[in-house]
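Participant: Structure incoming, see below.
Derivation of every value follows stated rules applied to the coordinates shown; laboratory data play no part. For clarity, every value in this text was computed on a predicted model and none was experimentally measured. Using ideal geometry, Cβ is built from the backbone for each residue, glycine included, and neighbour counts are taken over all protein chains shown.
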Ligand SMILES: NC(=O)c1ccc[n+]([C@@H]2O[C@H](COP(=O)([O-])OP(=O)(O)OC[C@H]3O[C@@H](n4cnc5c(N)ncnc54)[C@H](O)[C@@H]3O)[C@@H](O)[C@H]2O)c1
């Protein structure tokens, strides 16, 4: 393939900021952003001006962008319920595809996309930046090298707070579709954001997850200008159970107005414990830097671990900025296209994670019944 991949982006909403960032010259991506699309003309113009994209390469209809011959590959950054039709149209137009998570609302939608991309011989990967977050990459390498022995348990926590210190403004529109059944099963935590958590946990557990138990609460969000209150699926707690019952993980999420959340992005942060048979890894910081000003916090961002001999070790040399995970994930796709390799997440990996996300929603709706993944045949 050409030395520089010519890219188009479809969907210029909240998260596009970090995708667009990767195309700035300083990050050295072997790609050129040649076309953009959003139905919102104001946003289209803003990005066209900022990235010097000629007006004739800016589209309000994705079909028009897909007809543009110069484009080799597209990034699709739209609400989940639009993913299937836009991905299939892109495959038919012969474009390689990087699709933001959550890839689909149902397994059959996922299968339709997999079939269309195979029939049209284009690369199809799901964009999952958490697997490119440098402390997580380092932890995964250590797990594979056996530094902590077999992973038996993971506890992943996420905290969100409205007392955000420096974070993004998220437009109301960006939240509203996430609270609909059609586009997100009314599950911004356990389905939408949860996709990352299901992905990281299933990756690091290294054993197939067999069933899920999900408990979900109800948190009233204070958003001005709306006639009725908005409820978020928070707090929530998910247990992931492997066939071998001694291997399991939990993910809990808690939203509290008073959490002093230091962040440059969304108003949340993550913390992870990975327990192995002969050591344990602790990773503070991902989306935000919650403990930045806390003197007794869990340590500097990076990765900390203890080993059988009772010793502590730390590596804080990597780039722990969440934005870097987007740049790494974008680079990976471009280099995979240039070298004709299969990019991550493969459609099969992404489908398995979707099955976990669907099982979590199903369990939360059935009074936290243990739901086997094999029960999920299509949607909820
Ligand atoms: N990796 C991550 O950490 C992460 C974070 C946030 C969002 N996401 C994913 O990215 C996707 C987009 O999320 P977002 O938060 O940016 O949403 P958003 O609502 O902020 O943006 C969606 C954009 O799509 C545009 N759009 C909608 N329908 C369109 C159409 N038919 N044609 C052209 N444009 C259209 C809207 O005008 C809007 O600008 C979702 O799948 C979401 O799950 C991933």
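Participant: Compute the helix-to-body angle for 134-144: its Cα long axis versus the longest principal axis of the chain, expressed 0 to 90° and rounded to tens.
Facilitator: 60
Participant: Specify the inter-centroid distance of the range 169-207 and the range 247-291, based on alpha-carbon positions, in whole Å.
Facilitator: 16
Participant: Going by a ≥ b ≥ c, the root eigenvalues of the Cα gyration tensor, does the range 295-335 fall in the rounded group (a/c under 1.5), the prolate group (a/b larger than b/c) or the oblate group? Show your work: numbers first, answer last.
Facilitator: Working: a/c = 4.67, a/b = 2.06, b/c = 2.27.
It comes out oblate by the Cα gyration axes.
Participant: Could you give the length gained by full extension between residue 294 and residue 52, i.e. 0.36 nm per residue of separation minus their alpha carbon distance, to one decimal place? Before the final figure, lay out the partial values.
Facilitator: On the way: separation 242, 0.36 × 242 = 87.12 nm, distance 4.19 nm.
Length gained, residue 294 through residue 52: 82.9 nm.
Participant: Helix 347-365 versus the longest principal axis of the chain: what angle, 0 to 90°, nearest 10, using Cα atoms?
Facilitator: 60
Participant: Cα gyration tensor of the chain, axes a ≥ b ≥ c as square roots of the eigenvalues: rounded (a/c below 1.5), prolate (a/b > b/c) or oblate? Walk me through the numbers on the way to the answer.
Facilitator: Details: a/c = 1.40, a/b = 1.35, b/c = 1.03.
Here the chain falls in the rounded category.
Participant: Take residue 243, project a point 7 Å from its Cα along the Cβ direction, then tell me which residues of the range 197-220 have their backbone nitrogen under 12 Å from it.
Facilitator: 207-211
Participant: Mind checking the angle between helix 322-339 and the chain's longest principal axis? C-alpha axes, 0 to 90 degrees, to the nearest 10.
Facilitator: That helix lies at roughly 60 degrees to the long axis.
Participant: Can you tell me how the range 5-127 classifies by the Cα gyration tensor, rounded, prolate or oblate, using a/c under 1.5 as the rounded cut?
Facilitator: On the way: a/c = 1.65, a/b = 1.54, b/c = 1.07.
Because a/c hits 1.5 or more and a/b exceeds b/c, the range 5-127 counts as prolate.
Participant: What share of the DSSP beta bridges in the chain is antiparallel, in percent to the nearest 5? Present the calculation step by step, with values, prior to reporting the outcome.
Facilitator: Working: 40 of 71 bridges.
So the antiparallel bridges amount to about 55 percent of the total.
Participant: So, in Å, what gap is there between the alpha-carbon centers of the range 34-100 and the range 295-372?
Facilitator: 27
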